[in-house]
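The values are calculated or read from the model by the stated rules, or taken from the named source; none is laboratory data. Owing to the predicted nature of the structure, the values given are computational and were not obtained by experimental measurement. Ideal geometry is used to build each Cβ from the backbone, glycine not excepted, and the neighbour counts take in all protein chains shown.
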Amino acid sequence: MLNEDCLLLIFDLLPLSDRISCEAVCTSWNIISKKTWRKIKVVNMLELVRSIWDRKPLISDMEFILSRTSKTLTTLNLSDCSFPNLEEDISHILELLDGDLKNLIINDLFESVLKKKVIQTLLKHCPNLKHLSLVQTEFKDNSLQSLLDHLPQLESLNVARNEIPVDFMTHCPSLLKLDITDCQLQAFTFGNHFDIVTEFSTSLQNSSVEDLSVSPEMIYGDFSMPKLKALTITCCDRSTPAPTAIDFSGVPLLEELTVHVAKPFLIQSENLKSVSRSCPMLKKLSVECLNDKDVICRVPTHSDSILCLDSFLKTLESFTHLQHLNISYFQFESSSCLKNIKKFKELSTLIMRTMDGIICVDVLSDLVANLPKLKHLDLSGSTLDQIGVPVEQVIRSIESEPATSRPIIEIVIGECYLEMAQDENLKIGRFVIVNENRSLPSFDNCSEFYNSDNSFYSSDFDFYSEDSDDDYDDWDEPYCAYDFN
């Protein structure tokens with residue numbers, strides 16, 4: 001008979017649904033099977049219940065799972081779950097926790113979750129909470145302030161898509177990460193809009209927040225956060241005008257700036273120039289559309305009197321520390337833009353997704369050769385002006401370089417994904433091309449080519465995906481591979 005250690009190893013390999021079946025075999029298997037659940041530290045209740053029973057979570061399902069995982073659980077996500085009696089049900093679920101929970105996510109309930117009993121239970125059973133997400137709920141009767149007053153270890157708070165109290169920041173002065181995207185201040189109906197935003201901005205200025213996600217209307221005027229390192233600005237409403245000029249002089253330590261837009265958007269020249277003047281340490285700049293390929297950002301021509309491509313790239317040149325650049329779905333000629341971008345020698349990631357761009361092979365090769373630190377190049381939506389040539393030419397452009405100086409390069413072009421690793425002995429580039437929409441294969445035995453967190457390459461082309469039980473021969477789009485010796 002197998003000992004307990006062997007059975008534990010076997011049960012660890014079983015799907016959770018099979019482990020549950022094993023619990024009914026005998027008392028010893030019941031005990032051993034339950035022990036394997038203790039390795040689960042992150043629970044997304046909706047996804048986990050669906051994977052086991054193929055249904056939305058019932059309260060009894062949540063009880064079953066938490067009775068096995070609560071002692072080791074660090075993250076619990078209750079988003080999109082149904083609670084017939086919200087206050088009683090959530091309080092009951094929180095009572096099952098064992099006090100070590102660090103991350104709690106209760107999003108999209110569309111009603112007030114912070115009832116008196118819920119707050120009391122949460123504070124008792126989750127006193128060490130560091131990350132709290134309450135997206136699209138309601139805050140009534142100072143409920144949010146009451147909760148924050150008693151969570152001294154809280155570092156991250158997400159209250160996006162809510163009406164938030166103007167003074168809530170004074171109740172969490174040690175917060176490091178805050179998401180208030182698409183929020184409104186509850187006091188808007190009681191006073192002057194500008195005065196209220198100014199009051200809220202003052203509370204932000206006095207906070208310790210280093211990572212802020214916000215809508216532009218919340219930070220206009222004298223925006224100052226001396227400790228801020230990462231800023232995400234999201235223009236959520238298609239009907240709202242482009243954000244007014246923002247003075248970035250109050251965020252001198254800014255290293256990451258992301259702008260999300262949900263409508264055709266003219267980047268204001270003054271905003272970009274303000275960033276270049278005030279944020280010399282900027283390492284990441286990203287201007288993206290909100291998952292909508294029908295929405296095209298455009299860099300205006302000179303006639304728009306705002307910004308043209310040349311001045312846009314010229315302004316970017318002042319960001320000498322820039323390592324990540326994303327300027328997707330802009331309406332400009334891709335090859336022309338790539339010629340200018342090769343000046344940014346520190347770039348490790350470049351993303352320029354388009355709808356119908358055309359990339360010259362020579363320009364692509366020149367870009368790769370002139371960006372020695374480039375690791376990821378995403379030109380999705382673009383096509384190459386020559387078919388079958390890019391693999392050889394791009395490889396040729398780096399063959400003369402020492403292998404140790406060239407990192408792995410991932411290139412996405414059109415519907416193909418090119419990934420290159422350098423052979424340390426032969427100094428030969430190797431590309432694997434897969435369909436962009438497929439999960440990338442993963443190989444654990446090729447650490448000589450890839451970092452441990454990004455393994456992907458096989459010289460014998462024995463491809464598989466950890467996300468699929470099928471091998472590549474059964475897939476609709478077969479892999480193509482090139483190995484040039």
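Taking the options Ile20, Ile52, name whichever one is surrounded by 13 or more Cβ atoms within 10 Å (Cβ to Cβ), at pLDDT 85 or above and not assigned by the TED database to the domain that holds Leu94. Even if it seems obvious, please write down each step before you answer.
Working: Ile52 fails: not assigned by the TED database to the domain that holds Leu94.
Criteria check complete, one pass: Ile20.
Sort through Val135, Val166, Val197 and tell me the only one that's among the aliphatic types (A, V, I, L, M), modelled with pLDDT of 90 or more and either more than 22 Å from Asp108 (Cβ to Cβ) or in contact with a strand residue (DSSP E or B) (Cβ under 9 Å, 6 or more places away or on another chain) (or both).
Numbers: Val166 fails: modelled with pLDDT of 90 or more; Val197 fails: modelled with pLDDT of 90 or more.
Step by step, each of Val135, Val166, Val197 is checked, and only Val135 is among the aliphatic types (A, V, I, L, M), modelled with pLDDT of 90 or more and either more than 22 Å from Asp108 (Cβ to Cβ) or in contact with a strand residue (DSSP E or B) (Cβ under 9 Å, 6 or more places away or on another chain) (or both).
I'm trying to understand the selection: among the residues of the range 233-249, which are surrounded by fewer than 18 Cβ atoms within 10 Å (Cβ to Cβ) and at pLDDT 80 or above?
Within the range 233-249, Ser249 is the sole residue that qualifies.
Does Asp179 meet the test of being within 25 Å of Thr258 (Cβ to Cβ), surrounded by 19 or more Cβ atoms within 10 Å (Cβ to Cβ) and touching a Ser or Thr at 6+ places or on another chain (Cβ under 7 Å)?
On the way: within 25 Å of Thr258 (Cβ to Cβ): yes; surrounded by 19 or more Cβ atoms within 10 Å (Cβ to Cβ): yes; touching a Ser or Thr at 6+ places or on another chain (Cβ under 7 Å): yes.
Yes: the conditions hold for Asp179.
Given the structure, is Lys115 surrounded by 15 or more Cβ atoms within 10 Å (Cβ to Cβ) and at pLDDT 90 or above? Before the answer, list the steps.
Details: surrounded by 15 or more Cβ atoms within 10 Å (Cβ to Cβ): yes; at pLDDT 90 or above: no.
Spelling it out, it is not the case that Lys115 is surrounded by 15 or more Cβ atoms within 10 Å (Cβ to Cβ) and at pLDDT 90 or above.
Which residues, counting only those in the range 116-147, are farther than 15 Å from Lys102 by Cα, among the aliphatic types (A, V, I, L, M) and part of a loop (DSSP other than H, G, I, E, B)?
The one that is farther than 15 Å from Lys102 by Cα, among the aliphatic types (A, V, I, L, M) and part of a loop (DSSP other than H, G, I, E, B): Val135.
Within the range 63-83, identify whether any single residue is touching a residue at least 24 places away in the same chain (Cβ under 8 Å), part of a helix (DSSP H, G or I), within 16 Å of Leu132 (Cβ to Cβ) and not hydroxyl-bearing (Ser, Thr, Tyr), and answer yes or no.
No; the residues of the range 63-83 include none that is touching a residue at least 24 places away in the same chain (Cβ under 8 Å), part of a helix (DSSP H, G or I), within 16 Å of Leu132 (Cβ to Cβ) and not hydroxyl-bearing (Ser, Thr, Tyr).
Condition first: of a type outside the set (S, T, N, Q), touching a residue at least 12 places away in the same chain (Cβ under 8 Å) and more than 17 Å from Leu76 (Cα to Cα). Now tell me which residues in the range 117-145 satisfy that.
Those that are of a type outside the set (S, T, N, Q), touching a residue at least 12 places away in the same chain (Cβ under 8 Å) and more than 17 Å from Leu76 (Cα to Cα): Lys117, Glu138, Phe139, Lys140, Leu144.
Take Leu8 and decide whether it is outside any loop (DSSP other than H, G, I, E, B) and in the same structural domain as Glu63 (by the TED database). It would help to see each step written out before you state the result.
Values: outside any loop (DSSP other than H, G, I, E, B): yes; in the same structural domain as Glu63 (by the TED database): no.
The answer is no for Leu8.
Among Leu96, Leu122, which is buried (at least 19 other Cβ atoms within 10 Å of the Cβ) and within 21 Å of Met45 (Cα to Cα)? Let's see the steps before the verdict.
Details: Leu96 fails: buried (at least 19 other Cβ atoms within 10 Å of the Cβ).
None of the other options fit; the residue is Leu122.
Does any residue of the range 101-115 turn out to be assigned to a loop (DSSP other than H, G, I, E, B) and β-branched (Val, Ile, Thr)?
First, pick out the residues of the range 101-115 that are assigned to a loop (DSSP other than H, G, I, E, B): 101-102, 106-115.
Okay, now just the ones that are also β-branched (Val, Ile, Thr), so 106, 113.
Among the residues of the range 101-115, at least one is assigned to a loop (DSSP other than H, G, I, E, B) and β-branched (Val, Ile, Thr), which makes the answer yes.
If Glu63 satisfies every condition in (1) among the acidic types (Asp, Glu); (2) at pLDDT below 90; (3) in contact with a Leu (Cβ under 7 Å, 6 or more places away or on another chain) but one, which is the exception?
(2)
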